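Undergrad: Got a structure for you, written out below as structure tokens; questions coming shortly.
Read-outs: derived from the displayed coordinates by stated rules, not from any lab. On a predicted model such as this, the values are computed, not experimentally measured, just so you know. All Cβ positions, glycine included, derive from the backbone under ideal geometry; neighbour counts span all protein chains shown.
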Amino acid sequence: MTDLPTSKLGEALVKEGILTPEQLAHALRIQKYLEQPKPLGAIVVELGYTTKRRVAEVLKKYGSGMRLGEMLLEQGLITSEGLEQALRIQKEQNLKLGEALVQLGILNERTLLQNLAHQAGIPYVEPQLGMIDPTLLTGLSPEYLEKYLFVPFTRDDEGTPVVVVHELNEQTTSQAIQDLYKGRYKLALGPLDAIKQTIQDFRSFKQNLGKKDKQRSVEEDSIVQLVNQIISTGIDERASDIHIEPMSDVIRLRYRVDGVLVYKMDLPKDLLPRISSRIKIMADCNIAEHQHHQGGRILFNHRGQDFDLRLSIYITVHGECMVLRILNKQTGLIDLEELGMNRLMLDRYRTEVLDTPTGVVLITGPTGSGKTTTLYSSLHYCNTVDRKIITAEDPVEYMIDGLIQCSIYDKIGRTFEATLREIVRQDPDIIVLGEIRDKTSAETAIQAALTGHKVYSTFHTEDTIGGLLRLIDMDIETFLISSTVISVVAQRLLRRICDQCAAPYTPSPVELDRLGIKPAEVREFDFRKGKGCKHCNHTGYRGRIACYELLILNEDVKEAILQKRASYAIRQICVESTGLISMREDGISKVIRGDTTFSEVLRSTPRTVFMRPVQQILAMTQ
Ligand SMILES: [Zn+2]
């Protein structure tokens, strides 16, 4: 055994009961005989002893005893060649290893700081002035903070201040903090530019304070302020959901922006009970409840605008995990022209779907595909003084003047069924059912259409044909479907290329092939792609655009439904006789027009059986 190399990671894995000592010895023996050096973490995963995730967790927990290079290697964040290269530069230029890795572009600064924080066993924090416990700023001047480059952040359960620094072993900073807090403090690590910006904001705040509002209380509860800041930042960064997730040692804060989760920062784990109590108070939840999942709603005012937030609290092994969905963005109501339908499609949608006085219109897609936005834009278009529009929604997501909107509320007995019974007695022209979720609601929609109403609803299906098939599967008589359903719309959201960092780009033949496109078909077009910048959170995308599949039923399609034809046959009829463009085809036209990328289309749209040549797609999507 003595000739085997030792491994801090290996020891930690054994200590955690993830590996047996025999498994460790086996893995180390394999490592020794490999020609190409390989991290132990990778070997034990390959051997099936554990998962990558567990290795990362153990590295995080035991990181304090490990060297940075070792830690990054074990996680596969850098290669051994990259490490060697950085070590050379480190010696030549007398840098820290982390600095060398960042300078070489092998690692970004954020990942480096996160790992350094994990290595030291402290949280990674991106401070903002609004998140800071104001009592900690009392008596501190911006000049002093600027000199020593740190900011106090919050207090833990025992009232000990947590201070954010950008470097752990900086002598003068450490000494200043030591003196200030008499040795009683905890550290967190954060990026230098965020620390500098916070100090800058503190200075402007103080200057403004002197001018107008001397009375502003610095005693305002810091947790109230922290939670408000978390929500405000989410709204400012255009998040649809805010995730506050307890991990084993920190609280992870993430935002979903343009459909993708973006890691924001860690918060000290000690804050969890106070954050959850505060959020529960805001949402009118039971504060004493810690054993059961619960939900609630928060009305939040941000810059004079009201936002409706929906809270879900999920009990996890590490504590209460909170997700806030941001609803009721009044700015979310957009005109039909801005939805992303091409001109030909929009003309047909207006004249053949929206302007038709009766029938059922279904808008389909998975959660988060933007169907509610399309629904509301359509209603906005139909919202005239001579039409009565009435809704049954679960819940009302946007409030539109002139509409009679009702939120379903099961708890007090205002159920979907009870609401549907009453809705037709209100003498409406247009009925909106938030969602068709079962046979009862489907039948209600069809009944209402048969009695001369126009009915709009959403439906969870993959595409337009899927919507028709679901109705058939619900045992609705096919003649009822074919005589009432006038149109099915399906959609997906594609991320828009960020205009600030877009650069010319040539799609690879492999990428094109995965979409069934031949390179020759697109040779004449210029493509672009975002390189990633501050403006787009380094994703290369900002905002989203919808791609659509608009099915308007004609006699051939109705006949196919009556005969209960198979989905393939119905789709073929739709494509050939109604000129149906699939979401993927519509997406491809948007790539060629410079709105989005092939990888977005591939990621977000279902495969198309009947794909047209690119030239034909372009001609049909003008
Ligand atoms: Zn950008």
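Undergrad: Ranked by Cβ crowding within 10 angstrom, fewest neighbours first, how are Thr160, Thr461 ordered?
TA: Arranged by neighbour count, lowest to highest, Thr160, Thr461 become Thr160, Thr461.
Undergrad: Which residue, Ser369, Ser141, Gln294, has the largest displacement toward the positive end of the dipole of the chain when charges sit on each Cβ (Lys, Arg +1; Asp, Glu -1)?
TA: Ser141
Undergrad: Figure the gain on full extension for Tyr505 and Gln305 (residue separation times 0.36 nm, minus the Cα-Cα span) and round it to one decimal in nm.
TA: Extending this stretch completely gives an extra 68.0 nm.
Undergrad: Next up: Might you report the magnitude of the Cβ-based charge dipole of the stretch 148-200 about its Cα centre, with Lys and Arg at +1 and Asp and Glu at -1, to the nearest 20 debye?
TA: 120
Undergrad: Moving on. Which semi-axis lengths, in whole Å and largest first, follow from the square roots of five times the eigenvalues of the Cα gyration tensor of the stretch 122-209?
TA: Equivalent ellipsoid semi-axes, largest first: 18, 14, 13 Å.
Undergrad: Turning to a different aspect of this structure: What length, rounded to one decimal in nm, is gained on full extension from Leu192 through to Phe479, with 0.36 nm per residue of separation minus their alpha-carbon distance?
TA: 96.6 nm
Undergrad: Continuing with this model, one more query. Which angle between 0 and 90 degrees, to the nearest 10, do you get for helix 21-33 versus the longest principal axis of the chain when only C-alpha atoms count?
TA: 90
Undergrad: Taking a cut-off of 21 Å between Cα atoms, list the lysines near Lys264, but don't count ones fewer than 8 places away on the same chain.
TA: Within the straight-line cut-off, Lys264 pairs with Lys60, Lys61, Lys186, Lys196, Lys531, Lys534.
Undergrad: For Cα pairs less than 8 Å apart in space and 6+ apart in sequence, what is the mean separation divided by the residue count of the stretch 221-327, i.e. the relative contact order in percent?
TA: 24
Undergrad: Another question, then. Put +1 on the Cβ of every Lys and Arg and -1 on every Asp and Glu Cβ in the stretch 123-271; which of Pro191, Val260, His243 then has its Cα farthest towards the positive end of the dipole?
TA: Highest projection toward the positive end goes to Pro191.
Undergrad: With a/c under 1.5 counting as rounded, go ahead and sort the stretch 494-555 into rounded, prolate or oblate using the C-alpha gyration tensor (a ≥ b ≥ c being the square roots of the eigenvalues; past the cut-off, prolate if a/b is larger than b/c, else oblate).
TA: Oblate, since a/c reaches 1.5 and b/c is not below a/b.
Undergrad: Taking 41 Å as R0, compute the FRET efficiency from the Cβ-Cβ separation of Gln93 and Glu462 and round it to 0.05.
TA: 0.15
Undergrad: I would also like to ask the following. So how do Thr79, Thr233, Thr367 line up by other beta-carbon neighbours within 10 Å, fewest first?
TA: Least to most surrounded, the residues fall as Thr367, Thr79, Thr233.
Undergrad: Then there is this: Using the Cα centre of the stretch 221-327 as the reference point, and only Cβ charges (+1 on K/R, -1 on D/E), how large is the resulting charge dipole? Debye, rounded to the nearest 20.
TA: Using only the charged Cβ atoms, the result is roughly 100 debye.
Undergrad: Mind checking the alpha-carbon convex hull of the stretch 221-327 and giving the volume per residue in Å³?
TA: Taking only Cα atoms, the stretch 221-327 has a hull volume of 96 Å³ per residue.
Undergrad: What longest range of the chain stays clear of loop-exposed chymotrypsin sites (Phe, Trp or Tyr not before Pro) (DSSP non-H/G/I/E/B, at most 15 other C-beta within 10 angstrom)?
TA: Longest gap between qualifying sites, sites excluded: 1-524.
Undergrad: May I pose another question? Give, in nm to one decimal, the length gained when the segment between Arg421 and Thr351 is fully stretched (0.36 nm per residue of separation minus the Cα-Cα distance).
TA: The span from Arg421 to Thr351 would gain 22.1 nm if fully extended.
Undergrad: If you don't mind, there's one more thing I want to ask. Per-residue counts of other Cβ atoms within 10 Å, averaged by peptide: what ranking do you get for 269-276, 601-608, highest first?
TA: 269-276, 601-608
Undergrad: At a Förster distance of 45 Å, what's the computed FRET efficiency of Arg110 paired with Arg607, Cβ-Cβ distance as r, to 0.05?
TA: It comes out at approximately 0.80.
Undergrad: Based only on the alpha carbon positions, what is the Kirkwood hydrodynamic radius of the chain, in angstrom?
TA: With all distinct Cα pairs of the chain included, I get 28.4 Å.
Undergrad: With no other cysteine's Cβ closer than 4.7 Å, which Cys residues of the chain count as lacking a disulfide-compatible partner?
TA: Cysteines lacking a close Cβ partner in the chain: Cys285, Cys321, Cys382, Cys406, Cys547, Cys574.
Undergrad: Here's something else I'd like to know. Kindly work out what percent of the DSSP beta bridges joining two residues of the chain are antiparallel, to the nearest 5.
TA: That works out to approximately 70 percent antiparallel.
Undergrad: Rounding to the nearest 20 debye, state how big the charge dipole of the chain is about its Cα centre with +1 on each Lys and Arg Cβ and -1 on each Asp and Glu Cβ.
TA: Computed about the Cα centre, the dipole is about 880 debye.
Undergrad: With a 10 Å Cβ neighbour count serving as the proxy for reagent exposure, in which order, fewest first, do Glu559, Glu143 appear?
TA: Least to most surrounded, the residues fall as Glu143, Glu559.
Undergrad: Against the longest principal axis of the chain, how steep is helix 109-120, in degrees 0 to 90 to the nearest 10, with axes from Cα atoms?
TA: Value to nearest ten degrees: 50.
Undergrad: Show me the trypsin sites (Lys or Arg not before Pro) within the stretch 279-313 that DSSP assigns to loop and that have at most 16 other Cβ atoms within 10 Å of their Cβ.
TA: For trypsin sites (Lys or Arg not before Pro) across the stretch 279-313 that sit outside H, G, I, E and B with at most 16 neighbouring Cβ atoms in 10 Å, the list reads Arg303.
Undergrad: Here's something else I'd like to know. Looking at Asn169, Gln622, Gly540, which one has the Cα that reaches farthest to the positive end of the dipole of the chain (charges on Cβ: Lys, Arg +1; Asp, Glu -1)?
TA: About the Cα centre, the residue reaching furthest to the positive side is Asn169.
Undergrad: Counting each DSSP H run of 4 or more residues in the chain as -39500 (n - 2.57), what helix-only mean residue ellipticity at 222 nm follows after dividing by all residues, to the nearest 500 deg cm²/dmol?
TA: -12000 deg cm²/dmol, from helical runs alone.
Undergrad: Give me the Å³ per residue figure for the convex hull around the C-alpha atoms of the stretch 8-120.
TA: Output value, Cα hull per residue: 97 Å³.
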